[in-house]
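In what follows, a single structure is set out as structure tokens and then discussed.
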Amino acid sequence: MHIKKNNSAKELRGPTTKDIVYFQSVLSRPDRSIVTNLQHAEQNSPEEATQQLAKYNKDWTSHYIGSSPLVLRPSSTSEISTILRYCSENFIGVTPQGGNTGLCGGATPLRDEVILSLEYMNSIHNIDLHSGILTCDAGCILQNLHDYANEKGYLFPLDIGSKGTCQIGGNVSTNAGGQYFFRFGGLHGTVMGLEVVLPDGRVMSLNMETGSNADEDGVIQQKSTKGGTHRKDNTGYDLKHLFIGAEGTLGIVTKVAIACPALPTSKNATILVCDSYDNVLNVLQTAKEELGEILSAMELMDCNTLQLVQKHGFGGNDSGSRLLQDMLQSDPLEQQPGVFRPLYLLVETQGSSAENDASKMDSFLTRLYETGTIHNGFLAQDSKQMIEMWNIRESCNPSVARAGCVYKFDVSIPIDEYMDVAFEVEKQLLHSVDSSVLTVCVWGHIADVTLGKYEKDDALSTLIETVVYDAVLKRKGSISAEHGLGQSKNQRLDQIKEESVLNVMSQIKTLFDPHGIMNPGKYLPTKK
């Protein structure tokens, strides 16, 4: 590997057997903390190690494949500090990795960087029952945080389809949005504190009492987390925000404190069918007016996507779900380019009064029917039906992936131009590609807009990217709404950011990571 660092002619290198010896000496459980196919490792055969390494070197989409010969799986902040300090001193590239569910190659090494996995940093420390602030390690699985918070009477404010696998550290590092973004906002608003290890091994506690004491060399004595985090702290620069969405390029998030709202005692869900996108916008406005403070989520799905869900199954349930069949019966037309087909909206409410919330939902649906805003609708009668509705929504991504090679585009555009972009992309692509080869799918959070594209031929990648991004940029949109930049979009950053902004970003990177060891070649544009 030869990746130049930020401010020096010296190049980064990959790990060697000598490095393995050092890591074995400083990790408390080298038998489980080191995966390598380098010759010196003795805990497994090179063949077994190569098989284990493969899952860390390939991203969820299979678009990005690295060649790292070494995965380190530390179990404490102290071990991470020691690893990073050594890698910085020896100019070894490091790729931080959480649940490896990203879609932009941000957690996949470009070449032979050391992969630093947080999977053994998975303790939930506590939740303050008065403030609702939950404190945990960065390697905690998101679903486990949901379960823990629920047991304590709280709702974890981030919910995404990969919650059974993704880790909160990765969520924070990519600034994940999720289905409750509409209700609770993003992680910049809900994350109260972070513990972060810098590239030189120093540990920073940012509005967070971790009980970790570090000496001048960065060596720390680890104690139990007490969760001393404040909702208000106006003392100096709020540095935690630099690490939310930085994709591990400035340091590694090791602990998170996040504010959780009280668990709702009342939930309602409905799937609505609209005959036009103007009616979708009318539903959104009506929901704001009629549902108000109890509106928690609004998700959009089109026919192409739901047909793939029906074909490839969802959530382990029967792909012939009666609800899904009934929904698709609202689309009597065969797929025809340029012909508008029904759109489906999943609307959820969360509140504290079942009677009041039911009344609001009834008023909302009545108004939509009376004004002809919706063509059809399905109201969940119990929690089982609500789960079935969310299973359909959360199965969009895996179902599309099972259908073939998927190109996902996570973009932000003005809401009123949402379907204009979808139709424009389809029209332009069909000038070059037969409709039997390529299918355009649309699904996601209507409040922040996500587009998904499915196609069967990887050779069309460049064409697809150009068409999609041109359509987005001419509307002054963003090429990344919530999935990050990684190695798939970083080279396009200069198309949406001014030179002065990019210069400051580069200066921040150099300040925190002068040797450029953290996630090299990602996030910021690299010199070609």
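The values are calculated or read from the model by the stated rules, or taken from the named source; none is laboratory data. Predicted model only: the values in this text are computed from it and were never measured. Glycine gets a Cβ as well: all are built from the backbone with ideal geometry, and neighbour counts include every protein chain shown. The accessibility values were calculated without ligands, DNA or RNA, using every heavy atom of the protein model including side chains. Shrake-Rupley method; radii C 1.70, N 1.55, O 1.52, S 1.80 Å.
Within region 361-410, the set of residues being among the charged types (D, E, K, R), surrounded by 20 or more Cβ atoms within 10 Å (Cβ to Cβ) and assigned to a loop (DSSP other than H, G, I, E, B) comprises Asp410 only. Among the residues of region 57-110, not one is within 21 Å of the chain's Cα centre (by Cα), of a type in the set (Phe, Trp, Tyr) and at positive phi. Taking residues in region 202-217 that are under 18 Å from His125 (Cα atoms) and modelled with pLDDT of 90 or more, and partners anywhere that are open to solvent by 60 Å² or more (accessible area, probe 1.4 Å) and of a type in the set (Asp, Glu), the pairs with Cβ atoms closer than 7 Å and at least 6 places apart or on different chains are Asn207/Asp233.
Would you confirm whether any residue within region 510-528 is charged (D, E, K, R) and over 17 Å from Glu113 (Cβ atoms)?
Filtering region 510-528 down to residues charged (D, E, K, R) leaves 513, 522, 527-528.
With over 17 Å from Glu113 (Cβ atoms) added as a condition, the list becomes 527-528.
There is at least one residue in region 510-528 that is charged (D, E, K, R) and over 17 Å from Glu113 (Cβ atoms).
Scanning region 79-95 for residues that are out of contact with any His (no Cβ under 9 Å at 6 or more places or on another chain) and open to solvent by 20 Å² or more (accessible area, probe 1.4 Å) yields a total of 4. With the condition kept exactly as written, say whether any residue in region 74-92 is closer than 17 Å to Ile252 by Cα, in contact (Cβ under 8 Å) with a residue 40 or more places away in the chain, of a type in the set (Asp, Glu) and not in a loop (DSSP other than H, G, I, E, B). Checked region 74-92: at least one residue is closer than 17 Å to Ile252 by Cα, in contact (Cβ under 8 Å) with a residue 40 or more places away in the chain, of a type in the set (Asp, Glu) and not in a loop (DSSP other than H, G, I, E, B). If only residues of region 463-512 that are out of contact with any Leu (no Cβ under 8 Å at 6 or more places or on another chain) and among the aliphatic types (A, V, I, L, M) are counted, the one that is modelled with the lowest pLDDT is Ala481.
When you scan region 102-174 for strands (runs of 3 or more DSSP E) that lie fully inside it, which ones turn up with 2 or more residues that are under 16 Å from Met192 (Cα atoms), modelled with pLDDT under 95 and among the hydroxyl-bearing types (Ser, Thr, Tyr)? Can you show your working first?
Values: elements: 114-117, 124-127, 133-137.
Where strands (runs of 3 or more DSSP E) fall fully within region 102-174, none carries at least 2 residues being under 16 Å from Met192 (Cα atoms), modelled with pLDDT under 95 and among the hydroxyl-bearing types (Ser, Thr, Tyr).
As a summary of the residue check, Ser62 satisfies the conditions (1) assigned to a strand (DSSP E or B); (2) open to solvent by 50 Å² or more (accessible area, probe 1.4 Å) except for the one numbered (1). Checking each residue in region 381-424 for being among the aromatic types (Phe, Trp, Tyr) and either more than 21 Å from the chain's Cα centre (by Cα) or at pLDDT below 90 (or both) picks out Tyr407, Phe409, Tyr418, Phe423.
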